[in-house]
Amino acid sequence: MRNTACSIPTYASDTSGVCSALYELGGMTVVHDSSGCNSTYSTFDEPRWYDRESLIFITGLTEAEAIFGREDRLLDDVAAAAAEFSPAFIALCGSPMPFILGTDYAALAGELEERCGLPVLGLPTTGIRTYLSGADLAWTALLQRFCDDVRPASAVTINILGATPLDLGLNGSVDSMKAFFEGRGITVNACLAMGGSLAELRRLGAAAANLVVASSGIGPALYLKRRFGTPFVAGQPIGLFAEDVLAALVRAAESGTDMSPCSAHHGGEGDILVAGEAVAAASLACALERETGRACRVFCPLGRGGEALAAGDVLLDAEDEERAAELFAGAGAIVADPLYRPVCPKGTPFLPLGHVAFSGRCHLGTIPDMTARPLAEAFDLSFGKSHGGKA
Amino acid sequence: MLKLAVYGKGGIGKSTVTANLSAALADMGLSVIQIGCDPKADSTVNLLGGTPVCSVMDYMRRHDREPERLDEICRSGYGGVRCIETGGPTPGLGCAGRGIITTFQLLRDLALFETYRPDVVLYDVLGDVVCGGFAAPIREGYAEGVLIVTSGEKMALYAARNIANAVRNFEDRSYARVWGVVMNRRNVPGEEDKVRAFADEAGLPVLADLPRSDAINRCEDAGKTVIEGAPDCAAAACFRRFAQALWKSRGEDGGDAVFGGKSAVKDAPVDSSCQTCRGAGESER
């Protein structure tokens, strides 16, 4: 493996993951990076940017400030912005240049907290790791600061963890999940974090089980398990597989045991290869098997979410275009973001399913709300057409 | 756990002081880790019989990947002292400070402290605090106290002053504090007066007064500390007394427990004990 991506894009970085995770929670997110880079984190990777305000700022790091270590300017600017906008908290995270400089975010956060009188999270993102690690880092830090000591509810009450547009798109799927569960007598206590709030986050400990819909939610789920003993279930309630997720949640709530229903797909040597984030891809694999009868295998190049995978699935620690091409070459059909097409063999049936963390807003329109409805309503499951990628 | 960083001008004897302290602490039955933070990677060589450990940067250069196990970059030396060197980039290229940060992150990922559960960790840091990388050992979670090694020479005192000021700049952060000055004698005229004048001005105690000793040179030629190679010499006695006092100082109050912190300049116990050692070591100077 050479860990290269020449014909395909790279996934969104941990910095984008922080911005996306905290977007709706009422804080102020500050990225230590050069002026203009807000476009990367907040427009290319953030489909909510045009419809909903959020306090996301760039420090405007200059060459001179990098050389002279002028962190005092960063502190002054952040303190001034905090005084103007009165956020509920501040999250300070980074990008590649401050990473190379060795910026001490925890120390800066401590100084800012003293100065602003607000909770400040120092999040040492590098701009090199994946968005999943950034979202996980931000949420886990936030939970440590804000989660109240509450008693778990006696009824079947759940939280949804790991929900960002980077994985789910912007198609109403979180609302559909809530409606599906509520319709089956399960109360949704809180969602981390699309459609959620800081008030919801405070009461995360009150749920009887946590539903992890993307592997960015596994860190928060483990934290909640340690602190409250709450079990978690990995899976997205999509297609006919939604019933399996529902049943797993009920069993987890009753038994206190973690469950991963999405790892029940075929795995190794599967006919259809589903590429993407582990929990989403594995859930889709389960739903596809249910409706097509064809065995599915998952390929996740994001290094996280092994809990969601089946034996024989492929989890890589880094993107590797050559390995991806090898896997695609052996598949009978492919389900992946359209920007994977250049490394897919010509003639192999290809079902395009956009992934914001991979193609930004380019293919938002190919991400349907698949919650608890047959996939056949959204896709041509005959995989009737080949895609015409290069040989 | 006692975690200290040793700073001072290049060539002033930081590695000599650190390695001898490590050896003396190990002789007290303590589990010790010494981490050299210098591209030359020669901090621990005299704990290892003159054969250096493969530095972290050398390992990454040779294997084109990060080490995956601690034993790939850590060797046990005299008294079981675990020796690690950050190393650095090819001279004239790259960024040595970044190398230190990378090494520290790596050691954290490899669970160095959790694995070895040391009683004492000593960081031997190159020269001045010249950039963020060289301040890494004093960040929260690493060293709690800084020892500044100096002689009475003008440039050594100049560097010592810069180091004290640099650490003071981080007072608003939960970084290490300067515990005091280690006088490593070069026998320049008026040496003690000069070092004490600096210490008074900086509001720091003189923690130790180490004699110039040919035994140190002879032992280092043989790849040893005086604790190992000349345990009966006066310098070895000084290092042992200093090590005992440092170990006594551990605890919640850090250096304050023995040395009285920044405000207490005089009457440091180690200082008085070393006066005795110094008297006994005249023949070695």
Would you mind telling me which numbered condition in (1) farther than 16 Å from A:THR292 by Cα; (2) outside any loop (DSSP other than H, G, I, E, B); (3) modelled with pLDDT under 95 A:ALA376 fails? (1)
Can we say A:GLY305 is among the small types (Gly, Ala, Ser), in the same structural domain as A:ILE272 (by TED's automatic domain parsing) and buried (at least 18 other Cβ atoms within 10 Å of the Cβ)? yes
Return only the number of the condition from (1) away from chain A (no Cβ under 14 Å); (2) modelled with pLDDT under 95; (3) under 26 Å from B:GLY50 (Cα atoms) that B:TYR116 does not satisfy. (2)
Of the residues in region B:12-64, those that are among the hydroxyl-bearing types (Ser, Thr, Tyr) and either farther than 20 Å from B:ASP221 by Cα or surrounded by fewer than 23 Cβ atoms within 10 Å (Cβ to Cβ) (or both) come to B:SER31, B:THR51, B:SER55, B:TYR59
Among the residues of region B:95-111, count how many are away from every other protein chain (no Cβ under 11 Å) and surrounded by 14 or more Cβ atoms within 10 Å (Cβ to Cβ). 5
Of the conditions (1) of a type in the set (Asp, Glu); (2) on the phi < 0 side of the Ramachandran plot; (3) within 12 Å of another protein chain (Cβ to nearest Cβ), the single one that B:ASP71 does not satisfy is (3)
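Among the residues of region B:119-129, are any farther than 22 Å from B:ALA23 by Cβ and buried (at least 24 other Cβ atoms within 10 Å of the Cβ)?
Looking through region B:119-129, at least one residue is farther than 22 Å from B:ALA23 by Cβ and buried (at least 24 other Cβ atoms within 10 Å of the Cβ).
To keep it simple, each residue is scored yes or no on (1) at pLDDT 95 or above; (2) within 12 Å of the chain's Cα centre (by Cα).
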| site | (1), (2) |
| --- | --- |
| B:MET1 | no, no |
| B:LEU21 | yes, yes |
| B:ALA26 | yes, no |
| B:ARG61 | no, no |
| B:ARG65 | no, no |
| B:ASP71 | yes, no |
| B:GLY87 | no, no |
| B:GLY94 | no, no |
Among the residues of region A:209-239, write down those that are surrounded by fewer than 24 Cβ atoms within 10 Å (Cβ to Cβ) and part of a loop (DSSP other than H, G, I, E, B). A:GLY229, A:PRO231
Looking at region B:135-155, which of its residues are touching an Asp or Glu at 6+ places or on another chain (Cβ under 7 Å) and buried (at least 24 other Cβ atoms within 10 Å of the Cβ)? B:SER151
Quick check: anything in region B:120-133 aromatic (Phe, Trp, Tyr) and either in contact (Cβ under 8 Å) with a residue 60 or more places away in the chain or within 14 Å of chain A (Cβ to nearest Cβ) (or both)? yes
The helices (runs of 4 or more DSSP H) lying entirely within region B:168-256 that contain at least 3 residues which are of a type in the set (Phe, Trp, Tyr) and away from chain A (no Cβ under 14 Å) are B:234-248
For region A:293-345, what are the residues that are of a type in the set (Phe, Trp, Tyr) and part of a helix (DSSP H, G or I)? A:PHE328, A:TYR340
Of all residues making up region A:55-72, the number that are loosely packed, with under 15 Cβ neighbours inside 10 Å and of a type outside the set (Val, Ile, Thr): 6
Report yes if some residue within region A:44-58 is more than 24 Å from A:CYS362 (Cβ to Cβ) and either in the same structural domain as A:ALA106 (by TED's automatic domain parsing) or touching a His at 6+ places or on another chain (Cβ under 7 Å) (or both); otherwise report no. yes
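Residue by residue, here is whether (1) within 15 Å of A:VAL274 (Cβ to Cβ); (2) buried (at least 19 other Cβ atoms within 10 Å of the Cβ) holds:
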{"site": "A:LEU316", "(1), (2)": "yes, no"}
{"site": "A:ASP320", "(1), (2)": "no, no"}
{"site": "A:ALA324", "(1), (2)": "yes, yes"}
{"site": "A:GLY347", "(1), (2)": "no, no"}
{"site": "A:THR371", "(1), (2)": "no, yes"}
{"site": "A:ALA378", "(1), (2)": "yes, no"}
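The values are calculated or read from the model by the stated rules, or taken from the named source; none is laboratory data. Quick caveat, the model's predicted, so the values are computed rather than measured. Virtual Cβ from ideal backbone geometry, glycine too; neighbours counted across all protein chains shown.
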